[in-house]
Amino acid sequence: MLPGGGARAAYQVGVLKALAEFVPADRPVPFRIITGTSAGAIIGCIIAAHAAHFREGALTLERFWAGFRVEQVFRADTPSMLRGGLHWLLALVSGGWLARSPRSVLDNAPLRELLERHVNFARIAQALEHGHLDALSISASPYQQGESVAFYSASPAHAALLRPWSQGVPAELGLDHLMAGAAVPFLFPPVRMEGRYYGDGAMRQLAPLSAAINLGAERLLVVGVRPAMAAGRPSPPFVEAHPPSFGHIFGFMLDTLFMDAVHADLERLERDNLLLKAAGVAVPGMRRIEALQLAPSEDFGEIAERHEADMPRSLRTLLRTLGAANPGGRMLLSYLLFDGAYARELIALGYADAMRRRDELQELLSEA
């Protein structure tokens, strides 16, 4: 399971790079089911397209992510940023009479072009057809519905074993699903599919693990993008001299959007497992699900701050305007810094963290 995380998802790339070294070079992907949200779904799709050769897929993924530039994800050149700012200003001062309210802060049309070149959905369909993969799921959230939806494709043999569930929608996965699932609210525009508008899959995703479980998973590897030290532990006391900036608040919202529900769902899963163990007998509708979570060992905000100067000047100006150029805004910066040097540092961190837990991960893979 690959949660969303914007630019932070480079960490997941490093983890997959390490995992690929734990299996023989000619082996298919050891995970029969891949579920992804937002940027995690992009990574999941690239791995799924190379399901027949996991190591080749991990190397392809690393080359793709390590070469990222902000301009490949959203328009960050000065003219585009000025046009966007003027559009917002004109819509605001005219009350929407002279210009419609913009659909988003940023234009992510470059991301669609990039994914169209690098994500091969035909190969994903072949991997499912040939049995190299059982199922692939992409989460997206319809703005007119109360819960996130898991669009999925499954191999013919596996599909016959699946029971319908309310949030699961069988689909021929394509670029629209991927763009919809990565449409972070406010930042990127929603995507229209079959008459409905969808946004980032992490919105209203009340049970992020449910897609993998309903698709038949018995063991889960969850690769998070929030340092373990920040999960469920109180922060040291300190005094804030100023109220949080908009950039600080928005970064906090993204962190909540992508990871809070994941941690809550993992806690529920652990409680269910303890309940089943205490019961000592089979409980109808429940089964034991083992989960291993891998989380970053370092603060992404501090890493992002070291690479802030690599951003386009226009984007640095926007972030300063939002108040994200101070220590409180580092969280937002860590999600938006689609830069090769930053990505490579996160990939190296993901690789190192996975290597430190090599024994646990190899045990997980040996059982697959």
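The values are calculated or read from the model by the stated rules, or taken from the named source; none is laboratory data. Treat the numbers as computed from the prediction; the structure is a model and nothing was measured. So basically every Cβ, Gly included, is an ideal-geometry build from the backbone, and we count neighbours across all protein chains shown. These area figures cover heavy atoms from the full protein model, side chains too; ligands, DNA and RNA do not enter into them. Shrake-Rupley method; radii C 1.70, N 1.55, O 1.52, S 1.80 Å.
Summary table
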| read-out | value |
| --- | --- |
| Extension reserve of the Arg163-Met355 stretch, reckoned as 0.36 nm per residue once the Cα distance is removed | 65.4 nm |
| Residue with peak Gaussian network fluctuation, the chain [Cα springs, cutoff 10 Å], from Pro28, Pro110, Pro79 | Pro79 |
| For the stretch 123-282, size of Cβ-based charge dipole, Lys and Arg +1, Asp and Glu -1, in debye | 140 debye |
| Kirkwood hydrodynamic radius of the chain, Cα pairs, Å | 21.2 Å |
| Over the chain: helical MRE at 222 nm, DSSP H runs n ≥ 4 each giving -39500 (n - 2.57), nearest 500 | -13500 deg cm²/dmol |
| Nitroxide proxy distance, nm - points 7 Å out along Cα→Cβ at Arg219 and Glu172 | 3.6 nm |
| Cα centre as origin, Lys/Arg/Asp/Glu Cβ charges: the stretch 269-316 dipole, Debye | 360 debye |
| Segment Glu116-Arg306, extension gain: residue separation times 0.36 nm, minus the distance between their alpha carbons | 65.3 nm |
| Listed residues Ala41, Ala278, Ala261, most fluctuating in the chain (Gaussian network, C-alpha, under 10 Å) | Ala278 |
| FRET efficiency, 1/(1 + (r/R0)^6) with R0 25 Å, evaluated for Phe186 and Thr60 via beta carbons | 0.20 |
| Sites Asp299 and Arg196, calculated FRET efficiency, Cβ-Cβ separation with R0 30 Å, nearest 0.05 | 0.20 |
| Value of relative contact order over the chain, rounded to a whole percent, pairs C-alpha under 8 Å and six or more apart | 25 percent |
| Summed side-chain charge close to Ser297 - residues other than Ser297 whose Cβ falls under 11 Å, Lys, Arg +1, Asp, Glu -1 | -1 |
| Cβ-derived FRET efficiency at R0 51 Å, Glu363 paired with Ala109, nearest 0.05 | 0.70 |
| List Asp200, Asp107, ordered by accessible area with a 1.4 Å probe, largest first | Asp107, Asp200 |
| Gain on full stretching of the segment that runs from Gln144 to Phe246 - 0.36 nm per residue minus C-alpha separation | 34.0 nm |
| In the stretch 240-306, the trypsin sites (Lys or Arg not before Pro) that fall in loop regions by DSSP, at most 16 other Cβ within 10 Å | Arg287, Arg288 |
